[in-house]
Amino acid sequence: MLLALQGCASAPAPSPSSVPPSATAAPPALPQAQRNSAVAIERQWLQSWFEGTPVRIEQRSETSFSVDVPRDFCFEAGRSEVRAPLAAVLDKVAQSLQRKPALRVTWLAAPGDASAAPALAQQRAGNVRKHLLARGAAADQLAVASVTQAAAVQLRIGADAP
């Protein structure tokens, strides 16, 4: 990977009396183009990690993408503990959320097994959410854990609206 550094020199810091009061206020929401760019960058970054694996990462809109991990790689039958392959994906998603705090997991869902679908699926989704929190994702970046009928853990990631 080639890394180029440009413009390393910085301008002198303004004196405190020359800083307008609005400069210390909270930063404004990202413009649409920057949100789209942040989403695209993180989608590409995650895709680079999971290329050649069964993990599906797809663009959903200009400001969102999905990460789907097949159930067989996520949990043992009848169990809700996150398996190592899913943990690896969740670790990278958590890193992505830390890299880009404006990103949010807007949908977080896990499937159950045929015999114990709803209760087991809810436990699994809760454990996915706990794993992301334990790896540094902020609680306000994560949707409530949900149940899906799909045969995959599903995460939908998008940028904040203005």
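A few remarks follow.
- Positive contributions from Lys and Arg (+1) and negative ones from Asp and Glu (-1), summed over other residues with Cβ under 12 Å from the Cβ of ARG135, come out at +2.
- GluC sites (Glu not before Pro) within the stretch 56-135: DSSP coil, no more than 12 neighbouring Cβ in 10 Å: GLU76
- The charge dipole of the stretch 30-159, taken about its Cα centre with unit charges on the Cβ of Lys, Arg, Asp and Glu (plus for the first two, minus for the last two), comes to roughly 280 debye.
- Computed on the stretch 30-159, with alpha-carbon pairs under 8 angstrom and 6+ residues apart, the relative contact order is 30 percent.
FYI, it's all coordinate maths here, none of it is from the lab. Keep in mind the model is a prediction, meaning the values are calculated, not measured. In this analysis, Cβ positions are derived from the backbone assuming ideal geometry, glycine residues included, and neighbour counts consider all displayed protein chains.
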